[in-house]
1. With N denoting the number of residues in chain B, provide Rg(C-alpha) divided by 2.2 N^0.38 Å, to two decimal places.
2. At a 10 Å Cβ-Cβ cut-off, how would you order A:27, B:223, B:57, fewest neighbours first?
3. Just rank B:236, B:203, A:158, fewest to most, by other beta-carbon atoms within 10 angstrom.
4. For helix A:149-163, report the angle its Cα long axis makes with the longest principal axis of the Cα atoms of chain A; keep it between 0 and 90° and round to the nearest 10°.
5. Restricting the count to DSSP beta bridges whose residues both fall in chain A, what percent are antiparallel, rounded to a multiple of 5?
6. Could I have the simple spin-label model distance between residue A:90 and residue B:58, label points 7 Å from Cα toward Cβ, reported in nm to one decimal?
7. Angle, helix A:112-125 long axis vs. longest principal axis of chain A, Cα atoms, 0 to 90°, nearest 10?
8. Extending each Cα 7 Å along its Cβ direction at residue A:49 and residue B:41, get the distance between those two points in nm, one decimal.
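Please treat every number below as a calculation from the coordinates, not as lab data. If you're wondering where the values come from, they're calculated on a predicted model, not measured in any experiment. Heads up, the Cβs are rebuilt from the backbone with ideal geometry, glycines too, and the neighbour counts pull from every protein chain shown.
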């Protein structure tokens, strides 16, 4: 990377979606978001604000939902990282992804991967959240299209579906 | 090697003492913004988050204190036993950023950055927290009032780092309140923490984002003690609560910036002080 030729570069290994991935000759200041997208071919997490405000880059790190733009990639070598690409089986949509489509919770779609990860994280810990809990859990994800009502509806559809036997 | 990987706290102290110009990285929520948006070029980075010892907290029942490791994230303060032991800390932690920020940001990082708007700093001030500072060759305990020395400045010396923080478990009401432009994802325009010590008969009030450092309203605290017997539960008149707020605000030195004006900050902090005092009496 000529852009950062002023700093020494790093090679390290990250555990992403269950696989060990080699990162070679990377600038030390690269965020996890950058490494996922530009070095590991995982463009699901989106970059917008680069300061933890918008939530578009949300990933799961050691069972916590975090903004990957605020994680120094080279410091995450001992963490288990899950991205939106790990959700759903065999190319099929997850129940949360399908519910977002059905409810109209996707418009331009830019914020959607971050929301999907945040909703999976919420429902894994709290299968029956009330409205306040849903809003609180998604308060770090910004959507400028939907007005949130349909996203809220999608979360409730999944919660009901999972409780009544799984098929959402 | 630009990213150091400490295997233990002792190893971390060796690395810190032996490496010039090293940046200690806690949760990353401040440093990464500087790197992503403000052109910071870190030389050598020393991440502390993977050390289990720093991610733990402990209740010392006999001493009546709680010690919190530097890498404990805000999320761990929001609920559960720690929130019951130090309710004001839980309230302040809940107002930080978003769930994603609270999962990453830490108490040690808040102290390392030492922003006047740092949300849990007024709590540490009002509780007279002790910061445990380690160096390879020495250790020292620093009172919060001696730790924060200015806007994003603290009294850490080269080779030192914040290992943990001890606060007392108090008997009496305590709470935190802040003013910002919205309910979530907001940096404080003004903030306040009030701790009522029902045994000693004292109220501590710390104010944030209204001066270069967190301000203890010690003159307002002393004035209140002369107006009301604060041992046990107490009641306070509207006039006394208002005067307490006015006196507290007069001890601040706010500035006008992109977030607010000095006048508004002074007004807001007087309202916060009054409300917290009324809540502690209710």
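1. Working: Rg = 18.9 Å, N = 282, 2.2 N^0.38 = 18.8 Å.
Taking the Cα Rg and dividing by 2.2 N^0.38 Å, one obtains 1.01.
2. The most exposed by this proxy come first: B:223, B:57, A:27.
3. The order, fewest Cβ neighbours first, is B:236, A:158, B:203.
4. Once rounded, one gets 80 degrees.
5. Of the beta bridges lying entirely in chain A, close to 90 percent run antiparallel.
6. Here the answer is 5.2 nm between the modelled labels.
7. Helix A:112-125 sits at roughly 70 degrees to that axis.
8. About 2.9 nm, to one decimal.
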